[in-house]
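Before we start, here is the structure in question, set down as structure tokens.
Any read-out appearing in this document is the output of simple, stated calculations on the displayed coordinates, not a laboratory observation. These numbers were taken from a predicted model, which means no experiment stands behind them. No Cβ is skipped: glycine too gets one built from the backbone with ideal geometry, and neighbour counts run over all protein chains shown.
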Amino acid sequence: MLEIKVYEGEREIAAYNKMLATIQLTGLPRAKAGEPQIEVAFDIDANGIMDVSAKDLGTGEEQRVTVTGGSALPGADLERMVREAQRYAERECLRREAAETRDRADQLVHATEKFVHDHEDTMPGDVRTEVEAAVGELKEALRNGDDVAVREAMRKAAAGVAAASRTADVTRTADVDDARTDTAGDIQGGAADGSGEPRVVSGG
């Protein structure tokens with residue numbers, strides 16, 4: 001089952017906004033992380049009534065929910081939420097970026113493990129050992145919740161995949177390339193302040 005929550009508000013972190021509705025997609029087949037494709041659409045009419053639909057593009061399974069105008073926030077509450085969003089904008093932006101980095105780290109783990117499995121017959125043993133060690137380090141960093149360690153382990157895993165693709169007679173998967181590109185973006189973004197190091201963001 002896949003659960004999609006609809007919120008109203010101005011904050012970067014969903015939990016700080018008002019939840020309006022929940023859509024549940026059931027009967028979906030088992031799938032690996034990143035494989036399902038869910039299309040979510042919003043349609044608001046002149047009376048402020050909003051229809052939200054969620055559809056699994058693989059199975060065609062679809063659910064809809066209607067949010068009436070009575071669910072909207074009063075004007076005073078909305079103004080208060082806008083002020084709070086402005087006050088905490090920078091802090092919440094950093095938290096969101098940290099969460100997105102961890103999501104990309106998860107994707108890199110899954111994509112790299114698939115890459116190694118698909119090409120285990122052509123990948124040199126020493127290179128495979130290096131890649132598997134880097135993935136293990138990344139998993140450990142994710143379990144420990146250490147953002148600095150996560151970023152460093154992402155560097156090593158991405159470098160390992162690059163080495164494997166150069167030495168093995170393989171074609172890199174799109175998922176691995178996308179994850180490596182995102183990793184490079186994280187590294188460059190962290191160095192933008194001139195420190196040469198990624199920004200360190202507390203998960204709390």
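Check Glu12: other-chain or 5+ apart residues with amide H under 5 Å from its amide H, H built from backbone geometry?
none
Sticking with this one: Using +1 on the beta carbon of Lys and Arg, -1 on that of Asp and Glu, and nothing else charged, what's the dipole of the range 86-135 about the Cα centre, debye to 20?
Result for the range 86-135 is approximately 500 debye, rounded to the nearest 20.
By per-residue mean of other Cβ atoms within 10 Å, what is the highest-first order of 116-127, 93-104?
Most protected by this proxy first, the peptides run 93-104, 116-127.
A further question on this structure: Pull out the extension gain between Lys18 and Ile49, defined as 0.36 nm times the separation in residues minus the alpha carbon to alpha carbon distance; nm, one decimal.
9.5 nm
Relative contact order (percent) for the range 1-73, with alpha-carbon contacts under 8 angstrom and 6 or more residues of separation?
Here the relative contact order equals 27 percent.
If the limit is 28 Å between Cα atoms, which of Lys114/Lys156; Lys18/Lys139; Lys18/Lys55 go over it?
Distance filter (> 28 Å) returns Lys18/Lys139.
Something else about it: What net charge is computed for the residues neighbouring Ala85, neighbours being all others with C-beta under 15 Å from the C-beta of Ala85, Lys and Arg scored +1, Asp and Glu -1?
Taking every Cβ under 15 Å from that of Ala85, the sum is 0.
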